[in-house]
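Asker: Just dropping this structure here.
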Amino acid sequence: MATIEDHGFRPLATGRVTGPHLHWVVRYGNTTVDPRSLLALVR
């Protein structure tokens, strides 16, 4: 199974968070897509 680091991302804890997390955005053209809808496709 690939990890986040395998794809060149590093989870960081910045601002007012309690631990490392990853914020990700998916766009199709100029439209923002809810990433959770894509997760359903691979399950």
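The values are calculated or read from the model by the stated rules, or taken from the named source; none is laboratory data. In this text, all values refer to a predicted model and were calculated from it rather than measured experimentally. Neighbour counts are summed over all protein chains in view; Cβ atoms, including those assigned to glycine, are modelled from backbone coordinates with ideal geometry.
Asker: Cβ contacts < 8 Å: first residue at pLDDT below 75, restricted to region 16-27; second residue of a type outside the set (A, V, I, L, M), any location; separation 6+ or different chain. Result?
Answerer: Within 8 Å, the pairs are 20/11; 21/11; 22/9; 22/11.
Asker: Ok, one more. Please go through region 18-43 and pick out each residue that is within 18 Å of residue 5 (Cα to Cα) and not in a loop (DSSP other than H, G, I, E, B). Write out each step before concluding.
Answerer: Taking region 18-43 and keeping what is within 18 Å of residue 5 (Cα to Cα), we get 19-25.
Passing the criteria: only 21.
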